[in-house]
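Reviewing the structure listed below.
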Amino acid sequence: MAAPKRPAPGRTRTPKPATRKPRGKAAEPAPMIEVRRIHRRDLNRVWEFLKISFHHVNLETVEYQRPRTKKRFVKTYDEEGVDQLVFEVGDQIVAYAECAHEVVGTDNWINEGYFERRKMRPLFVEELAVHPDWNGRGVGGFVLEQLHHLAKVRGLSHLVLEVAENNEHA
């Protein structure tokens, strides 16, 4: 019996999942997620989205994680070196990401020297939220792909992301 073929180095081979079309119905196309920078007119809508997305996490981590205030969220919009991205399907926000090109503020756990000694140029993901109705559908992975692309465009080499221990969907 011959050994199975191995993929070339640097490539992986994954079997395609079997797909069955429902009888009598055409398969529904995957929704198109549009990515754009946040606008000032979006701030209230995104704030409400974040409250929904992090409701359970914030309830459980209130002792050691101070949830951000709306005032601080709105102030972030005007900060230099911070990108805020909205991910939408139609008029519904399905995800939000906020990242900084350098360490922002002094209230953080980040040791800048760690990255400098290793000649790493990270993009710091300050916030990544997926709407609860969209969990488990690949949206978070898509957001990370977009952030990785943004990092490359900005000449940065890594993503740095902190996740709360109890955030089961992250």
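As an exercise: evaluate Met32 against (1) loosely packed, with under 10 Cβ neighbours inside 10 Å; (2) over 26 Å from Lys152 (Cα atoms); (3) at pLDDT 90 or above; (4) not small (Gly, Ala, Ser) and give the number of the one condition it does not meet.
Every listed condition holds for Met32 apart from (2).
Starting from region 135-162, keep only residues that are of a type in the set (S, T, N, Q), then list their pairs with residues that are assigned to a strand (DSSP E or B) and open to solvent by less than 30 Å² (accessible area, probe 1.4 Å) whose Cβ atoms are within a distance under 8 Å, requiring at least 6 positions of separation or different chains.
Close Cβ pairs satisfying both conditions: Gln146/Leu85; Gln146/Phe87; Gln146/Ala97; Ser157/Pro122.
Considering only region 78-89, state which residues are surrounded by fewer than 22 Cβ atoms within 10 Å (Cβ to Cβ) and in contact (Cβ under 8 Å) with a residue 24 or more places away in the chain.
Within region 78-89, Glu79, Val82, Asp83, Gln84, Leu85, Val86, Glu88, Val89 meet the criteria.
Considering only residues that are small (Gly, Ala, Ser), closer than 12 Å to Ala97 by Cα and outside any helix (DSSP H, G or I), which ones fall in region 116-143?
Listed by number, the list holds a single entry, Ala129.
Considering each of Asp83, Asp91 in turn, give the residue that is at pLDDT 90 or above and touching a strand residue (DSSP E or B) at 6+ places or on another chain (Cβ under 9 Å).
On inspection, the qualifying residue turns out to be Asp83.
The values are calculated or read from the model by the stated rules, or taken from the named source; none is laboratory data. What you see is a predicted model, and the numbers here were worked out from it, not measured in a lab. No Cβ is skipped: glycine too gets one built from the backbone with ideal geometry, and neighbour counts run over all protein chains shown. In case anyone asks, the SASA skips ligands and DNA or RNA and just uses the protein heavy atoms, side chains included. Shrake-Rupley method; radii C 1.70, N 1.55, O 1.52, S 1.80 Å.
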